[in-house]
Amino acid sequence: MSNCHLSGSVIKDLLNECDKNNVVLKPGMFDLRGNNLSEIDGVTLFGLVNLIYNNYTFEWWYYILSVDNLKSLVDECDEDGRTLTWKKLNLSLINLSSIKGSQLAILLKCSPELKHLDMSNCHLSGSIIKDVLNECNKKYVVLKPGLLDLKGNNLSDIDGVTLFRLVDLNCMNCFTFKWNYYSLSVDNLKGLIDTCYEHGGMLKWERLDLSGLNLSSIEGSKLACLLKFSPELKHLDMSNCHLSGSIIKDLLNEHSIEGSKLGCLLKFSPKLKSLDMSNCHLSGSIIKDLLNECDKNNVVLKIKTRNA
């Protein structure tokens, strides 16, 4: 019954009559794409979601549904403790600027089988995402890496702690975290680095793309900290970032001039098997500081002979 000019009220009457007449409807039986069901109520929408969903992505726009329909569905689930069976939900391009983080958290709680939620280009803000993550934490909702797709939203008002958690949720193998996907700025990068420094958090990304971001105001020491707190980072794209020679010099100095800094480098490089520092103008005092710092941080150094 796709593109049949059916309304939400018609679908409501259909489901009610089937219930009265003990007609059992099987999941996947109906195809209602292309009908404007925007007037549908939360109860009927809940029944419809579990009825037409058959292991594919539920596309919100297929049924001309809005953010108000989403809120009604969430309210219905929250009141009765019902669960939704979908595994993939696409809300992309739906204007979600009026939704509360707590409502999205309830949606996630009531969708235990959900593996992917596409909310790209949905006018979400950093503050909404902060509320989502906080509410999920309160409700003991465990968010799996790769669950949320938030590309195309302006999250520039996000705080460092929330950004750290967001990075953690979006770091899968071979995934490149692109800074411009979320309209993030150099101030967001500084806030993230400060959060890692204050709380000792480690960033899990393997690939980070900062290309095109104006980093002219950042200090080399900040970038050094970014590397320090990114032990698994394999590729960092800083092309066209307005970096100067002095910034790069500071970055390199932060990583090599002090023995304690070298100790920190080793501490935050758990997978490092070999470090060649031959002909690097190191002094006895630097090596002394290096060994002391490693001892303080319980870093075990293995001896490698020249013939090994």
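Exceeding 25 Å between C-alpha atoms, which entries from my cross-link table qualify? They are 178/296; 130/178; 139/234; 20/115; 71/115; 12/151.
Details: 178/296 36 Å; 130/178 19 Å; 139/234 35 Å; 20/115 34 Å; 71/115 20 Å; 12/151 35 Å.
Distance filter (> 25 Å) returns 178/296; 139/234; 20/115; 12/151.
Restricting the calculation to alpha carbons of the stretch 1-160 gives Rg and Dmax of 16.0, 56 angstrom.
Solvent-accessible area of residue 39, all protein chains in place: 110 Å² (probe radius 1.4 Å, heavy atoms, ligands and nucleic acids excluded).
With Rg and the Kirkwood Rh both taken from Cα atoms, where does Rg over Rh land for the stretch 137-245?
Expressed as Rg/Rh, it is 0.95.
Collect residues whose amide H, placed 1.01 Å from N in the peptide plane, falls under 5 Å from the amide H of residue 6; neighbours closer than 5 in sequence don't count. It is 36, by chain and number. Distances between every pair of Cα atoms in the stretch 45-93, grouped in 5 Å steps from 0 to the bin holding the largest one, split as 5, 19, 32, 29, 13, 2 percent. Residue-wise HN-Hα couplings along the stretch 25-30, as the Karplus relation 6.51 cos²θ - 1.76 cosθ + 1.60 with θ = phi - 60° gives them from phi, are 9, 8, x, x, 6, 9 Hz; Gly and Pro carry x.
The values are calculated or read from the model by the stated rules, or taken from the named source; none is laboratory data. On a predicted model such as this, the values are computed, not experimentally measured, just so you know. Protein only, heavy atoms only, side chains kept; ligands, DNA and RNA dropped before computing areas. Shrake-Rupley method; radii C 1.70, N 1.55, O 1.52, S 1.80 Å.
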